[in-house]
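Enquirer: The structure follows.
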Amino acid sequence: MSNSFLWLYQKKDTLAVGNVTGAMVFQGTFPVTIGLIGTSWTLGPSALVTMGLAMIAGFFCFAQLLRGGHWRPWLLASGAILYIGFTIYAWSS
């Protein structure tokens, strides 16, 4: 993270974003793989709802990119509806 701050200070935005993206890809693949290999993996109802909401949000964002070439603020703000819906679901169960 310190490299990203230094690169942003030096106006090297591409390096900073690439550093953060690379770290996220690593943390989202390697440790998860080890965890999945070492444990029994079953999806509960809460995980399935989370997955479904993420897929819906991703579909709408991708469709907006294909249709308009960029994301509109109302589309990103409407993602809050999915967050609120999941919060209500998680709180009620």
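Enquirer: Which condition breaks for G28 when tested against (1) among the small types (G, A, S); (2) within 27 Å of S92 (Cβ to Cβ); (3) not assigned by TED's automatic domain parsing to the domain that holds I84?
Expert: Exception for G28: condition (2).
Enquirer: Further, regarding this structure: Do the conditions hold for S40, that is, is it within 30 Å of G85 (Cα to Cα) and in contact with a helix residue (DSSP H, G or I) (Cβ under 8 Å, 6 or more places away or on another chain)?
Expert: no
Every residue, every condition in (1) part of a loop (DSSP other than H, G, I, E, B); (2) surrounded by 10 or more Cβ atoms within 10 Å (Cβ to Cβ); (3) of a type in the set (V, I, T), yes or no:
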position: S4; (1), (2), (3): no, yes, no
position: L8; (1), (2), (3): no, yes, no
position: V20; (1), (2), (3): no, yes, yes
position: Q27; (1), (2), (3): no, yes, no
position: S40; (1), (2), (3): yes, no, no
position: T50; (1), (2), (3): no, yes, yes
position: A57; (1), (2), (3): no, yes, no
position: A77; (1), (2), (3): no, no, no
position: Y89; (1), (2), (3): no, yes, no
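Enquirer: Which of the following residues is without any contact (Cβ under 8 Å) to a residue 24 or more places away in the chain and either out of contact with any strand residue (DSSP E or B) (no Cβ under 9 Å at 6 or more places or on another chain) or among the acidic types (D, E) (or both): A57, A80, A90?
Expert: A80
Enquirer: Further, regarding this structure: For the range 1-42, which residues satisfy the criterion of being within 25 Å of G79 (Cα to Cα) and either modelled with pLDDT under 80 or aromatic (F, W, Y) (or both)?
Expert: none
The values are calculated or read from the model by the stated rules, or taken from the named source; none is laboratory data. Computed from a predicted model, the values in this text were never measured in an experiment. Using ideal geometry, Cβ is built from the backbone for each residue, glycine included, and neighbour counts are taken over all protein chains shown.
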